[in-house]
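The values are calculated or read from the model by the stated rules, or taken from the named source; none is laboratory data. Everything numeric in this text was worked out from a predicted model, so none of it was measured. No Cβ is skipped: glycine too gets one built from the backbone with ideal geometry, and neighbour counts run over all protein chains shown.
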């Protein structure tokens, strides 16, 4: 009994430490917003940006773009880091609104929890621009997302270019993200449209659920069912890299693989020659674009949507070819 | 007159049901996609089932002891990280041993939480899974630990394709699976630990009264699940040449599914090591076959769910009849 009590005590202490650890990160989060409170100045207008998580390179670039554009346009700037935490996202963003920002830009870590934020903003007449991820079906003013469809088309055009003069079959396959990833699914649709225009047939469209290990097994299955495949498009880079590994393991180097995201692992695979391309999103210009949109709304202009029903505005993407990274 | 063939079915289903299901599945896929019967594809399915199978072998003991382990996915993820991070530093053997050690340690913590802190296995392993994934994310700073196919070529040892004539197979996973299952069977059938595990699963209090070292046995059971999950992790890290905390997401359910398909009862006390072996192959075969046919994600989920339900319903109804006749 004593031993058990001791163990329970130890666990409680361990837990206390663990919770203490979490508390600490909360503290820095709050001190971050406290610091920023000082930067709210009385003169001029202020744009607040609530970022998903500054740990990730993607969001660091997005923040850099947002900040530089805010400063270039002469607004004051407040940053809030959600640290991938739903609670921090909601409390932090509402805190920004209460501090009196004139426009809110947010890349939400949990789009489905956006509604209370958007409601609070609307109550104060603060426009909300969502940067990437998703709008959670709320009443935001605009959402900026990468032009996934066009990115898929670029991937297809590049594949066709690489296959010019190829005597092989005209069979290609697509490894898809999960059906709920609505934006990612457009990548495959764009690819399909252009690759079929060029006379190729998409023989298989399989879902790898965005996971690299499923990219690997699906590639193995594709090699078994369609050994004469000439190209594969993966809707994200982890699956593309998984597929590239399966190909390399099988000793095949005659199938072109293009991914999407511009992840470091895809660049590595391209350097190693196992992958041929990836379509990179451009978080920095996405950040800049959100500020321009906020500015348009603050100066009484109207937005020019790419898709008016969902209030989507597309940001351009860049195809990275294997020749670019050598 | 009527009763005897009825019993006959039960008798054969119990012994060979899972095997018959495997053959029927194979036959169905052979008709729908003849290429799935090629020797190379069958070998791919076999070697692929190793990742699930090896963990499921450990899981069989856990389920047989009346619990189960929801943390194997996280342990697999952490194992890939430990392996990929340490291989470039210390070489193949030390990295492998360290990985297995970490898996065993994680399992031991599971066992301690269950026996010494009296936390229910569901909650204990669920919480441990979260903690382990958190540790893996901290360990890798949330990014992926990449291995180079040229500089760290020795990592390929666990997934190297071997050519035998026109056959191509990843031999290492097959051998590892064979070894794990032979050891598992011998332990289950012929050792005191096997008897203890079954007794605890049937009736923990009775086992305790009978003087069986319940706590020690359970701790060993979870150490084994941890180590087997680590072995699966080694193979996955070797295939994908990377370590990442997310590589085991959802994996625990595969391991549990294979075990239950194999005839091990969730009620505890009754395990079936070879059934688990076939269950793992069946699961890998179903996924492979559905991909070969090219079924979309929605229908794949539907089909797998229905097959599971059908197999388990036959076993469930049979148990019901046994209870009635008893």
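Worth pointing out:
- Some residue of the range B:275-297 being closer than 27 Å to residue B:8 by Cα, more than 14 Å from chain A (Cβ to nearest Cβ) and surrounded by fewer than 18 Cβ atoms within 10 Å (Cβ to Cβ): no
- Of the residues screened, residue B:53 is one that is surrounded by 14 or more Cβ atoms within 10 Å (Cβ to Cβ), within 12 Å of the chain's Cα centre (by Cα) and under 30 Å from residue B:135 (Cα atoms).
- Criterion (within 24 Å of residue B:199 (Cβ to Cβ), free of Cβ contacts under 8 Å to residues at least 60 places away in the same chain and assigned to a helix (DSSP H, G or I)) met by exactly one of B:95, B:124: B:124
- Subset of the range B:155-170 [assigned to a helix (DSSP H, G or I), surrounded by 15 or more Cβ atoms within 10 Å (Cβ to Cβ) and more than 10 Å from chain A (Cβ to nearest Cβ)]: B:155, B:158
- One residue from A:196, A:205 being surrounded by fewer than 23 Cβ atoms within 10 Å (Cβ to Cβ), within 8 Å of chain B (Cβ to nearest Cβ) and within 21 Å of residue A:149 (Cβ to Cβ): A:205
- Scanning the range B:185-217 for residues being loosely packed, with under 13 Cβ neighbours inside 10 Å and assigned to a loop (DSSP other than H, G, I, E, B) gives a total of 3.
- Matching option when the condition is out of contact with any helix residue (DSSP H, G or I) (no Cβ under 8 Å at 6 or more places or on another chain), more than 12 Å from chain A (Cβ to nearest Cβ) and farther than 23 Å from residue A:266 by Cα, among B:174, B:126: B:126
- Breaking point among (1) assigned by TED's automatic domain parsing to the domain that holds residue A:194; (2) farther than 30 Å from residue B:164 by Cα; (3) over 16 Å from the mean Cα position of the chain (by Cα), for residue A:243: (2)
- Sole residue being farther than 26 Å from residue B:77 by Cα, part of a helix (DSSP H, G or I) and assigned by TED's automatic domain parsing to the domain that holds residue A:158, chosen from A:193, A:214: A:193
- All of (1) part of a loop (DSSP other than H, G, I, E, B); (2) within 14 Å of another protein chain (Cβ to nearest Cβ); (3) touching a residue at least 40 places away in the same chain (Cβ under 8 Å) hold for residue A:169 with one exception: (2).
- None of A:140, A:158 is more than 17 Å from residue A:315 (Cβ to Cβ) and touching a residue at least 60 places away in the same chain (Cβ under 8 Å) except A:158.
- Residues (at the interface with chain A (Cβ under 9 Å from one of its Cβ atoms) and surrounded by 24 or more Cβ atoms within 10 Å (Cβ to Cβ)) located in the range B:229-247: B:236, B:239, B:240, B:241, B:242, B:244, B:247
- All of (1) in contact with a helix residue (DSSP H, G or I) (Cβ under 7 Å, 6 or more places away or on another chain); (2) farther than 11 Å from residue A:246 by Cβ; (3) at pLDDT 95 or above hold for residue A:197 with one exception: (1).
- Just one of the listed residues (A:268, A:237, A:282, A:226) is under 21 Å from the mean Cα position of the chain (by Cα), surrounded by fewer than 24 Cβ atoms within 10 Å (Cβ to Cβ) and within 12 Å of chain B (Cβ to nearest Cβ), namely A:268.
- Subset of the range B:132-150 [without any contact (Cβ under 8 Å) to a residue 12 or more places away in the chain, in contact with a helix residue (DSSP H, G or I) (Cβ under 8 Å, 6 or more places away or on another chain) and assigned to a helix (DSSP H, G or I)]: none
- Considering (1) surrounded by fewer than 22 Cβ atoms within 10 Å (Cβ to Cβ); (2) within 14 Å of chain A (Cβ to nearest Cβ), the lone condition that residue B:257 does not fulfil carries the number (2).
- Taking (1) touching a residue at least 40 places away in the same chain (Cβ under 8 Å); (2) touching a helix residue (DSSP H, G or I) at 6+ places or on another chain (Cβ under 8 Å); (3) within 11 Å of chain B (Cβ to nearest Cβ) in turn, residue A:216 satisfies each apart from (1).
- Condition broken by residue A:197, with the remaining ones in (1) without any contact (Cβ under 8 Å) to a residue 60 or more places away in the chain; (2) touching a strand residue (DSSP E or B) at 6+ places or on another chain (Cβ under 6 Å) satisfied: (2)
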